[in-house]
Amino acid sequence: MKHIDAAAHTRGESQYVDDLPQPAEMLYAAVFSSDVAHGKILKLDTAKAGTIDGVVMVLTAADLPGENQIGPIIQDETLLAVDAVHYVGEPVALVVATSPEVAHKAVKNISVKIKELRPVTDPREAFAKGQIIGTPRTFHLGDVDNTWAQCDLIMEGRCDISGQEHVYLETQRARAVPLEGGGMRIHSSTQSPAAVQRAAAKILGLPNNKIEVDVKRIGGGFGGKEDQATAWSCLAALAAWHTGKPVELVLSRHDDIKMTGKRHPYSSDFKIGVTKDGKILAYEVKHYQNSGATADLSTAVLERTLFHSTNSYFVPNVKIFAACCRTNLPPNTAFRGFGGPQGMFVIESAIAKATEKLGMPREEMQYKNLLQEGDMLPYGQRTADTRSRITWDEADKAFNIAAIHKRIDSYNEAHFEIKKGFAVMPICFGISFTNTMLNQASSLVHVYTDGSVGITTGGVEMGQGLITNIAAIAAKALGIRPERIKIESTNTTRVANMSASAASATTDLNGHATLLAIGQILERLKSLLVHEQHLSHAEKITIVDEQVLYDGQPTGWDWPKLVQKAYTSRVALSAHGYYATPGIWFDRTKEKGHPFAYHVFGTAIIEVTVDCLRGTYDINSVKIVHDLGRPINELVDRGQIEGGLAQGLGWMTLEELKFDDTGHYLSNSLATYKLPDVYFMPDLLEVKLLENVDNPRGPYGTKAVGEPPLMYGIGAFFAIRHAMRAFRPKADFPFHSPLTPEKVLMQLHAEVLDNLKDGKLEKKTKRRRDVLAIKAVVLFKQKIENG
Ligand code: MTE
Ligand code: HPA
Ligand code: MOS
């Protein structure tokens, strides 16, 4: 099945929040936010803004009828600042006006006097100062401390991993519409309607049932709307509550980048102990997560970093320490992979460092340590249906890893300034929310008298293909054409208490819930037919291509006739299904358990070419063997693999999220934040799927797909590094992502640049780095020419 929305998206007909018809008298809100990363508010002056023609009101923290608190896990986040600010972009006041233009103009007329305090932007500094959110956690397996002595080689190192901006196409937005009786309907661009409902109820001092949240679809979330859609929905609701009119709040791209959190940057220390033939005996890592100013989802993200710190490898002795460090940046949040990618990057770096020292191909150590069936992961779960080696072996069979390495070596011998590199990137990603409680979902199925079907689940369509998957699952279960099925908007009055659409688990959870609802309806329909036709075995009834069969033989009944008969016989044609993932648990006091229903495995091979004089590079090919179980919609899943890969490649290479010491983002627009585009994507992208593999825990044997492919992108860093080391074999390059072309150039020619730094260059020139880069190339060429 194609993505159900494909045609309407292409024609521009799909509706998002601000495509809904505009109600009469709608008002528009705009946010006044802090321009200071850390300080005490001395005086907030909104009087002037209030006098501007068209301004209806200006709201501040004092105007909240309920509690000024929207923290999702830890209650440390105000909706509007009270007496202090903690990051640039923190909402301080809200203007409500008759047009967006007036609202934005009025925002410029608000002034605030702040006593500035020194901001902290570095997680290690925050940690040293005791600015820690929650409590640091440690996972143990085996006995690291007593293993170092047995290792032939011990390598230590440090990684600095940059964040990532979500760049969902639809920026954060919401429309709140007052309802009779003091209630509120909120159209929100959120991955988590129930989270918006709870927070809006709280800030308005209303019970949850007074707030209805409706989501038709969102224009991408990527984790950025798992929690952080809440504030904007609450602000719109606050304005609607005060004015009694519908209010829309839309963030501009610039404000969105400024005010919302991103993927968490990490700074990590690793220590790896190996034998000389490449067995990893011990691995110790300390992760300092740059959490930003409030907790948001940071503690949950940190937990997934702990879970994925050994990626796809079995390491018998492990110690993983991780802490959420509070800094003066916007609260960092969920982003595809949810802390897993950062954990994986560090062990891949450790393997790179160890193999470079041993003079061993990186892939040799990777392969030697891949997980095998039944291996113990550091959190106490044993791997089952382990496909680490299977996907690697398949990739090797299809693409011949040794031959690639040989081909690259001989190319590099024959070329001086152009070098090629490659990396193999295996992945192992746990499926289930790490917080067991969240692994529940509901679905409401109505069959109408004409045989058409309407389904509401708790899942949000964000482009990932959820509604297409649910429709395919339901069509298969009912034995009817998918065209008969409509997936309704996600709405808290139809399905309650949904978890966020996240953790790649939305199709699994809501698909299972839908199957349970459909199962009830089918059971009733079969009993009816047994009764009508005097049959003896209800279980022998099946519906195939809309024909009702008994023991595989036609009964003369079809789907519409059966449904019609059920209605006239007063048989219920609606059902609610509830699913809770079985068999999962985790004990945080022991840091052991069985948190994941299953794991997703795969192996990617990434080849690159680096121009070592200019620092520029191309990604030549990405070849993947991925485990989708039995995909219900292979085309949709392939889209997820390609999209995830693109985001992973971008994170590792181009997307440089810079901020200065004052806590201001420097890359705060799409002019300064470089995204991968179609030209950047590999010239060759080949994705092979494991064939005939079932996943007993997914609906119809499917496997979750949303996040895991992002982590293939990590291989790009090591492929580029491989090429760089072909040019400078002895160099010990930092594990500092993203590895932008600028960094490649600077690192390859570090000494030349050092020579240049002693006053030879005009210090004040604005584009000093660019000038340096060019000079470096010129000097380097001279150096070569002079022998
Ligand atoms: N794909 C698209 N097109 N848009 C998105 O926002 N989000 C990703 C992934 N793929 C996203 C996407 C993230 S972060 C997750 S967790 C999953 O989709 C969520 O959807 P799923 O649980 O249905 O896989
Ligand atoms: N993954 C993604 N999102 C989440 C999780 C998780 O494990 N837990 C809470 N939100
Ligand atoms: Mo995805 S980061 O779990 O929304």
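The values are calculated or read from the model by the stated rules, or taken from the named source; none is laboratory data. A quick note: this is a predicted structure, and the numbers were derived from the prediction, not measured. For neighbour counting, all protein chains shown are included, and Cβ atoms are generated from backbone atoms with ideal geometry for every residue, glycine included. Heads up: the accessible areas ignore ligands, DNA and RNA and are worked out on the full protein's heavy atoms, side chains in. Shrake-Rupley method; radii C 1.70, N 1.55, O 1.52, S 1.80 Å.
Distance between the 7 Å Cα→Cβ label points at ASN692 and ASP53: 7.7 nm. Our coupling estimate for segment 426-440, obtained by passing each phi through the Karplus curve with A = 6.51, B = -1.76, C = 1.60 and θ = phi - 60°, is x, 10, 9, 10, x, 9, 2, 4, 5, 7, 3, 3, 6, 7, 9 Hz, Gly and Pro reported as x.
Computed over the alpha carbons of segment 706-746, Rg followed by Dmax gives 11.6, 39 Å.
Heavy-atom accessible surface of segment 169-232, averaged per residue, reaches 28 Å², computed with a 1.4 Å probe.
How about segment 414-474: which chymotrypsin sites (Phe, Trp or Tyr not before Pro) there are in a DSSP loop, with at most 11 other Cβ atoms within 10 Å of their Cβ? Present the calculation step by step, with values, prior to reporting the outcome.
Working: sites: PHE416, PHE422, PHE429, PHE433, TYR448; in loops: PHE416, PHE433, TYR448.
Filter output for segment 414-474: PHE416.
Applying 1/(1 + (r/R0)^6) with r as the Cβ-Cβ distance of GLN564 and ALA496 and R0 = 25 angstrom yields a FRET efficiency of 0.20. Remark: for residue pairs LYS286/LYS592; LYS279/LYS419; LYS129/LYS319; LYS271/LYS590; LYS353/LYS420, the C-alpha separation exceeds 25 Å in LYS279/LYS419.
Cα centroid separation, segment 212-252 to segment 607-675: 29 Å.
Within straight-line reach of LYS40, meaning a Cα separation under 17 Å, sit the following aspartates and glutamates at least 8 residues removed in sequence or on another chain: ASP76, GLU77, ASP83, GLU90, GLU116.
Between the alpha-carbon centres of segment 33-65 and segment 9-29 there is a gap of 28 Å. Shown is the FRET efficiency for ASP551 and GLU488, computed with R0 = 45 Å from the Cβ-Cβ distance and rounded to the nearest 0.05: 0.80. Extent along the principal axes, Cα only, for the chain: 94, 73, 51 Å, with the longest axis given first. 3J(HN,Hα) along segment 125-139: 5, 4, 4, 4, 7, x, 7, 10, 9, x, 10, x, 10, 9, 9 Hz, from the Karplus curve 6.51 cos²θ - 1.76 cosθ + 1.60 with θ = phi - 60°, whole Hz, x for Gly and Pro. Candidate cross-link partners of LYS540 among the lysines, defined by an alpha-carbon separation under 22 Å and a same-chain spacing of 8 or more, comprise LYS476, LYS526, LYS561, LYS565.
Going by Cα centres, segment 336-378 and segment 384-451 are how many Å apart? If you average the Cα positions of each part, the centres end up 14 Å apart. For SER574, the amide hydrogen comes within under 5 Å of the amide hydrogens of VAL447, counting only partners 5 or more places away or on other chains and with H modelled in the peptide plane.
Net charge around VAL600, counting only other residues with Cβ within less than 12 Å of its Cβ (Lys, Arg = +1; Asp, Glu = -1)? Mind dumping the intermediate values first?
Values: positive: ARG387, ARG697, LYS703; negative: ASP385, ASP508, ASP627, ASP637, GLU707.
Every neighbour counted, the sum reads -2.
Given a 1.4 Å probe, how much area per residue of segment 565-710 is accessible, in Å²?
On the way: 6050 Å² over 146 residues.
With the other protein chains kept in place, segment 565-710 gives 41 Å² per residue.
Near GLY602, the amide H atoms lying under 5 Å from its own belong to ILE427; only residues 5 or more places off or on other chains count, and H is placed 1.01 Å from N.
Relative protection proxy for 315-321, 171-177, from highest mean packing down: 171-177, 315-321 (other beta-carbon atoms within 10 angstrom).
Surface analysis of segment 1-153 yields an accessible area of 51 Å² per residue, using protein heavy atoms and a 1.4 Å probe. Couplings 3J(HN,Hα) for segment 708-716, derived from phi with the Karplus relation 6.51 cos²θ - 1.76 cosθ + 1.60 (θ = phi - 60°), are x, x, 4, 6, 4, x, 4, x, 4 Hz, where x marks Gly and Pro.
In whole percent, how big is the carbon plus sulfur part of the accessible area of the chain, probe 1.4 Å, protein atoms only? Mind dumping the intermediate values first?
On the way: 15860 of 30410 Å².
Of all accessible area on the chain, carbon and sulfur atoms account for 52 percent.
With the cut-off at under 19 Å, measuring from each backbone N in segment 277-293 to a point 7 Å along the Cα-to-Cβ line of ASN146 picks out 281-284. Could you list the GluC sites (Glu not before Pro) in segment 338-402 that lie in coil according to DSSP, counting only those with at most 16 other Cβ atoms within 10 Å of their Cβ? Filter output for segment 338-402: GLU373. In this simple spin-label approximation, SER527 and GLN69 carry label points 7 Å from Cα along the Cα→Cβ vector, and these lie 4.7 nm apart.
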